[in-house]
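**Student:** Encoded as structure tokens, here's the structure I'll be asking about.
The values are calculated or read from the model by the stated rules, or taken from the named source; none is laboratory data. Owing to the predicted nature of the structure, the values given are computational and were not obtained by experimental measurement. FYI the Cβ positions are ideal-geometry reconstructions off the backbone, even for glycines, and counts take in every protein chain you see.
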Amino acid sequence: MKKISMLMAFISLLALADPQPVKLRLALNWKPEPEFGGFYDASLNGIYKKEGMEIEILPGGVGTPVIQMVEAGKVEMGISNSDEVILGRSQGAEVVSIYAVYQTSPMALLTHSERGFKELKDVFENPGTIAAERGLPYIRFCEKKYGFKNVKVVPFLGGITQFLSDKKMTQQGFITAEPILAKKQGANPKTFLIADSGYNPYLTVVIVRKDFAVKNPELVKKFVKATQEGWRNYLKNPALANKTMVSLNPTMDPETFQEGAKAQIPLIETAETKKFGLGYQSKERWKELASQLLELKVIKTTFPAETYYQ
């Protein structure tokens, strides 16, 4: 009996010494691309595992209902944008952001350089066509600020076919993707960040259920710590994560992945993140964005800014 007791005690010690990692699912809102590079790096290099987590990254696509998936408990974590979080909260979704990748939104409008535009307002003050998702908050913001008297807004169909087919066409896109693809097709795009208009939500934010964050504060801290390390690695050397993402998303070639990873660096690393760390979120930014969405009538009410993020 004594030997059995000693054996059981030894087994218990082994279990304590090597606990099983906490398994978490992270749902992306798009296909694997450079905007998710740090998450893949942290997974591939064992950074999450070192912090006691096993993260399963689930690729997304058009219309992936990430907020609903997180709210329903189908996944523990998901990728969204801060304006979507505020909209979701106004509709009753109890989710919060715990990490913000893009400090400056990569959303942009692409024009043909031959048109000679110097700044964003030129796109709206000159005759032409803009391919964009008109219902999105940033388009509402631009319409309110610049007006659409001189431009025709048509549905954005994805890709860059619309842009390439018409020299007077402007289209929406991420500065890390569509401009690079357009150049590869022989176009000479000029890109203007939507953030220059004054509408600058955090993009690629990690969301969790509010009760998950409350019940698992240490786990959230470990996730943030590991994610910061993964993003630091990716910004310095994206090769490993890019290789994996190319295999998962062959529609984007390796060179575009490399160029996209480089283009996004100044949008992720800012004076604030150098001071407070990657993934930083400020109360002032969340408050301003909520006020903008309220003014645009995207939402009917706001919550205290600090309740949108953890």
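**Student:** Are there helices (runs of 4 or more DSSP H) fully within the range 239-310 with at least 3 residues that are free of Cβ contacts under 8 Å to residues at least 12 places away in the same chain, among the basic types (K, R) and under 26 Å from I67 (Cα atoms)? List them.
**Tutor:** Here the list is empty.
**Student:** Working carefully through the options R140, R115, find the one that is basic (K, R) and within 21 Å of the chain's Cα centre (by Cα).
**Tutor:** Being basic (K, R) and within 21 Å of the chain's Cα centre (by Cα) holds for just one of R140, R115, which is R140.
**Student:** While we're looking at this one, here's another question. I need a count of the residues in the range 34-58 that are out of contact with any Leu (no Cβ under 9 Å at 6 or more places or on another chain) and buried (at least 24 other Cβ atoms within 10 Å of the Cβ).
**Tutor:** The number of residues fulfilling the criteria is 2.
**Student:** Just give me the residues in the range 168-187 being out of contact with any Pro (no Cβ under 7 Å at 6 or more places or on another chain), in a loop (DSSP other than H, G, I, E, B) and closer than 17 Å to L120 by Cα, in sequence order.
**Tutor:** Result: K168, single match.
**Student:** Name every residue in the range 233-245 that is surrounded by 17 or more Cβ atoms within 10 Å (Cβ to Cβ), over 16 Å from the mean Cα position of the chain (by Cα) and not polar (S, T, N, Q), in order of residue number.
**Tutor:** P238, A241
**Student:** Return yes when I86 is assigned to a helix (DSSP H, G or I) and buried (at least 20 other Cβ atoms within 10 Å of the Cβ) and no when it is not.
**Tutor:** In short, yes.
**Student:** Could you tell me whether F212 is buried (at least 21 other Cβ atoms within 10 Å of the Cβ) and modelled with pLDDT of 95 or more?
**Tutor:** Yes: the conditions hold for F212.
**Student:** Turning to a different aspect of this structure: Please find, among E259, E284, the residue that is out of contact with any Ser or Thr (no Cβ under 7 Å at 6 or more places or on another chain) and either outside the structural domain of L235 (by TED's automatic domain parsing) or more than 25 Å from F223 (Cβ to Cβ) (or both).
**Tutor:** Just a single option satisfies the conditions, and that option is E259.
**Student:** Another question, if that's okay. Would you point out the residue of the range 272-301, among those that are under 19 Å from the mean Cα position of the chain (by Cα) and of a type in the set (G, A, S), that is surrounded by the fewest Cβ atoms within 10 Å (Cβ to Cβ)?
**Tutor:** G277
**Student:** Could you please find all residues in the range 177-210 being of a type in the set (D, E, K, R) and either under 20 Å from Y102 (Cβ atoms) or within 22 Å of the chain's Cα centre (by Cα) (or both)?
**Tutor:** E178, D196, R209, K210 - these are the residues of the range 177-210 that are of a type in the set (D, E, K, R) and either under 20 Å from Y102 (Cβ atoms) or within 22 Å of the chain's Cα centre (by Cα) (or both).
**Student:** How about the range 89-103: which of its residues are over 13 Å from V208 (Cα atoms), not polar (S, T, N, Q) and not in a loop (DSSP other than H, G, I, E, B)?
**Tutor:** V101, Y102
**Student:** Is it the case that some residue within the range 267-274 is within 26 Å of Q185 (Cα to Cα), out of contact with any Gly (no Cβ under 6 Å at 6 or more places or on another chain) and of a type outside the set (F, W, Y)?
**Tutor:** Looking for residues that are within 26 Å of Q185 (Cα to Cα), out of contact with any Gly (no Cβ under 6 Å at 6 or more places or on another chain) and of a type outside the set (F, W, Y), one finds at least one in the range 267-274, hence yes.
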